[in-house]
Structures are given as C-alpha cells and as structure tokens.
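Report on the following structure.
The values are calculated or read from the model by the stated rules, or taken from the named source; none is laboratory data. Every value quoted in this text rests on a predicted model; they were computed, and no experiment measured them. Cβ: placed from backbone, ideal geometry, glycine included. Neighbour counts: every protein chain shown. Surface accessibility is based on the protein's heavy atoms, side chains included, excluding ligands, DNA and RNA. Shrake-Rupley method; radii C 1.70, N 1.55, O 1.52, S 1.80 Å.
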Amino acid sequence: MLTLNDNLFEKVRERFDAIIEELRVNLPLQEHQLGILLELLLMELFRNRPECFFNWQSTQDMTTIFHIQRYVARNFNQELTLAALADLFHVSPYWLSRSFRIITGSGFQQYLILCRLNEAKRLLLSTDLPITMVADYSGYRDVNNFIRAFRMHEKVTPLKFRKNGGA
C-alpha cells in the first residue's frame with residue numbers, strides 16, 4: 001500500500017488535475033501530452049517513495065534498461081534488434097528481453113513499434129509528407145508493413161488518420 005504525506009498528496013493531485021484537464025481539451029498530439037503527464041506522475045511517486053516500486057530489481061539493472069529505452073526512443077528510425085542492443089549495452093539478449101519487460105511493462109519489440117508509430121502520428125498530423133516518407137522517417141523500410149502496423153494499433157489507415165486529424 002502506498003501512503004502519501006500531505007506534500008506528496010498535493011503534488012499527485014496536481015498531476016491528476018493536469019491529466020484530467022488534458023482529457024477535457026481535445027488538441028492535436030493529446031496522446032503524447034498524456035504520456036508525458038503520466039510519466040511525470042509516476043516519476044513524482046517513484047522519487048518520493050522508491051521503496052514501493054521495483055524492490056525486486058537492482059538500481060543498476062533499472063538504469064541500464066532506462067538507458068536502453070532512451071537509446072531506442074532516439075534511434076527508433078534505424079534498424080534495431082534485441083541482439084544488437086544487447087551487444088551494444090554488454091548484456092545478454094535473454095537478460096535484456098526479460099528485464100525490459102519487467103521494468104517497462106512491455107516487450108522490446110512492442111516499445112519499438114510504439115516509438116515508431118508515435119513518430120508516424122506526429123508526422124502525419126504536422127506535415128504533408130507522403131505516406132512512404134512518413135513510413136521511412138518512422139523506421140519502416142517497407143510501407144506495407146508500416147500501414148499494417150499502423151492499422152493494427154490505430155484501427156485506421158495512416159491516410160484516414162491524417163484526414164481525420166488524428167481523431
């Protein structure tokens with residue numbers, strides 16, 4: 001059970017208020033903003049009560065996964081594989097796969113796809129780039145794989161997503 005002192009409770013309440021306000025206004029890139037606000041909320045809780053989170057995982061393991069996560073978020077448009085990342089960060093692919101899932105809550109491949117699709121959504125809403133270029137800039141070398149992945153996650157094609165303004 002997580003108990004909060006008055007100061008932390010007020011900070012958490014402010015974060016929730018910001019999340020609720022963001023949900024009320026339907027602006028472009030709302031998903032991105034909500035993700036950021038949720039990350040801030042979780043960081044606030046973790047920084048103030050780290051003993052309530054991840055006590056089964058070493059700080060060094062968490063730091064390594066966070067570095068890998070940051071690397072993936074910055075290099076999603078390149079060819080990335082679990083084996084290559086494991087080699088780059090001097091860990092075993094098995095450890096990376098297992099630890100990534102435990103610490104982040106999603107698998108490496110899922111995280112990579114979400115990074116790529118978030119960039120694709122940003123490009124679709126903020127540029128007039130052709131779908132083939134959006135796919136390429138998002139890390140998809142095959143436009144058909146891009147459209148398939150986009151449709152599976154967003155339930156619409158990239159073109160319809162753009163025409164509907166992301167809604």
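Which residue is farthest from the chain's Cα centre (by Cα), if the candidates are limited to segment 121-131 and must be within 20 Å of Arg74 (Cβ to Cβ) and not hydroxyl-bearing (Ser, Thr, Tyr)?
Top of the filtered list is Leu123.
Just the residues that are over 28 Å from Lys163 (Cα atoms) and open to solvent by 100 Å² or more (accessible area, probe 1.4 Å), please, taken from segment 18-39.
Passing the criteria: only Glu39.
Open to solvent by 50 Å² or more (accessible area, probe 1.4 Å) and either at pLDDT 90 or above or not small (Gly, Ala, Ser) (or both): does that describe Phe76?
Details: open to solvent by 50 Å² or more (accessible area, probe 1.4 Å): no; either at pLDDT 90 or above or not small (Gly, Ala, Ser) (or both): yes.
So Phe76 does not fit the description; no.
Going by the conditions given, is Phe54 surrounded by 11 or more Cβ atoms within 10 Å (Cβ to Cβ) and either under 21 Å from Asn118 (Cα atoms) or at pLDDT below 80 (or both)?
Yes, satisfied.
Can you confirm whether segment 18-26 contains a residue that is closer than 30 Å to Ala135 by Cα, modelled with pLDDT of 80 or more and outside any helix (DSSP H, G or I)?
Yes, there is a match, as at least one residue in segment 18-26 is closer than 30 Å to Ala135 by Cα, modelled with pLDDT of 80 or more and outside any helix (DSSP H, G or I).
What are the residue pairs meeting all of these: first residue in segment 74-93, first residue within 28 Å of Arg122 (Cα to Cα), second residue open to solvent by less than 60 Å² (accessible area, probe 1.4 Å) and of a type in the set (Lys, Arg), Cβ atoms under 7 Å, and 6 or more apart or on different chains?
If the second residue must be open to solvent by less than 60 Å² (accessible area, probe 1.4 Å) and of a type in the set (Lys, Arg), the pairs left are Phe76/Arg116.
Looking at segment 139-162, can you tell me whether even one residue there is of a type in the set (Phe, Trp, Tyr), touching a residue at least 40 places away in the same chain (Cβ under 8 Å) and more than 28 Å from Thr64 (Cα to Cα)?
yes
Can you tell me which residue within segment 1-17, out of those that are in a helix (DSSP H, G or I) and open to solvent by less than 90 Å² (accessible area, probe 1.4 Å), is modelled with the lowest pLDDT? Full working, then the answer.
First pass over segment 1-17, keeping only residues in a helix (DSSP H, G or I): 6-17.
Now drop any that are not open to solvent by less than 90 Å² (accessible area, probe 1.4 Å), which leaves 8, 10-12, 15, 17.
Details: Leu8: 80, Glu10: 86, Lys11: 84, Val12: 83, Arg15: 84, Asp17: 85.
Ranking the qualifying residues of segment 1-17, first place goes to Leu8.
Condition check ((1) under 17 Å from the mean Cα position of the chain (by Cα); (2) modelled with pLDDT of 95 or more; (3) more than 27 Å from Asp61 (Cβ to Cβ); (4) of a type in the set (Ser, Thr, Tyr)) across all residues:
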{"residue": "Gly105", "(1), (2), (3), (4)": "yes, no, no, no"}
{"residue": "Cys115", "(1), (2), (3), (4)": "yes, no, no, no"}
{"residue": "Met133", "(1), (2), (3), (4)": "no, yes, yes, no"}
{"residue": "Val156", "(1), (2), (3), (4)": "no, no, yes, no"}
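Quick check: is even one residue across segment 71-81 touching a Gly at 6+ places or on another chain (Cβ under 6 Å) and assigned to a loop (DSSP other than H, G, I, E, B)?
Taking every residue of segment 71-81 in turn, at least one turns out to be touching a Gly at 6+ places or on another chain (Cβ under 6 Å) and assigned to a loop (DSSP other than H, G, I, E, B).
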